[in-house]
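To keep things clear, I will list the structure first and then write my remarks on it.
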Amino acid sequence: MINISRALAIDGFMGEAELLWLAEQATTHECIAEIGSWKGRSTHALSDNTSGEVYAIDTWKGTVNEPIHAIEFVGKPDDWLLKEFQNNVSDLSNVHIVQALSVDAAKKLSNIRFDMVFIDAGHTYEDVKSDILAWNPLVIKGGLLSGHDYISDWPEVIKAVDELIPNRVIVADRCWYLEK
């Protein structure tokens, strides 16, 4: 049975439809990489619904070119976001925290093959393109390469995804995926 109640209790940028889609995908995947975890909302949707492992990859420093992130960091210590994430996932035994830039984490975890990768880190064309290029080789045949924010608010996400994954599918209003 799909459960997103704990995910919904965490502040974040994903709506219910997106969380439900993630949770549904998690039920059939056992080695998941989440690129960009913020406070743990989507991490919970994934980890609460998989029988496998979730690798939560983030710097927990925010993204400088995204004003909403900058606002959140005003007057807070440098590690506040990581501590909030850790607190939000402290009851999950199947989450592995990897504090690193996405591309560096892909190199560090290159010996692991994932059956699902969900990309939701930087939203510039360069960030999305480098994330797709770094993580795509780590997804097994039949696995799911996916991501978030394929919407007009993020034209550079659309540009990178369209360029590298022209036959992607859009679901839950703003999630994209390709079954390899």
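Could you please let me know if SER152 is surrounded by 13 or more Cβ atoms within 10 Å (Cβ to Cβ), at negative phi and of a type in the set (S, T, N, Q)?
no
Return the residues of the range 101-128 that are buried (at least 17 other Cβ atoms within 10 Å of the Cβ) and either free of Cβ contacts under 8 Å to residues at least 12 places away in the same chain or of a type in the set (D, E, K, R) (or both); say none if nothing qualifies.
ASP115, ASP120, ASP127
Suppose the filter is within 22 Å of SER130 (Cβ to Cβ), assigned to a helix (DSSP H, G or I) and modelled with pLDDT of 95 or more; does SER37 pass it? Show your work before the answer.
Numbers: within 22 Å of SER130 (Cβ to Cβ): yes; assigned to a helix (DSSP H, G or I): no; modelled with pLDDT of 95 or more: yes.
Considered against the rule, which asks whether it is within 22 Å of SER130 (Cβ to Cβ), assigned to a helix (DSSP H, G or I) and modelled with pLDDT of 95 or more, SER37 comes out as no.
Could you grab the pairs with beta carbons closer than 9 Å, sequence gap of 6+ or different chains, first residue in the range 1-28 and touching a residue at least 60 places away in the same chain (Cβ under 8 Å) and over 15 Å from PHE118 (Cα atoms), second one of a type in the set (Asp, Glu) and assigned to a loop (DSSP other than H, G, I, E, B)?
Within 9 Å, the pairs are GLY15/ASP173; ALA17/ASP173.
Taking GLU30, is it crowded, with 22+ Cβ neighbours inside 10 Å and in contact with an Asp or Glu (Cβ under 8 Å, 6 or more places away or on another chain)? Even if it seems obvious, please write down each step before you answer.
Details: crowded, with 22+ Cβ neighbours inside 10 Å: no; in contact with an Asp or Glu (Cβ under 8 Å, 6 or more places away or on another chain): yes.
Taking the combined requirement at face value, the residue does not satisfy it.
Taking the range 3-13 on its own, how many of its residues are at pLDDT 95 or above, assigned to a loop (DSSP other than H, G, I, E, B) and closer than 20 Å to ARG174 by Cα?
So the answer is 2.
The values are calculated or read from the model by the stated rules, or taken from the named source; none is laboratory data. The structure presented is a predicted model; accordingly, all values stated were derived computationally and were not measured. Every residue, glycine as well, gets a Cβ built from its backbone with ideal geometry; the counts of neighbours run over all protein chains shown.
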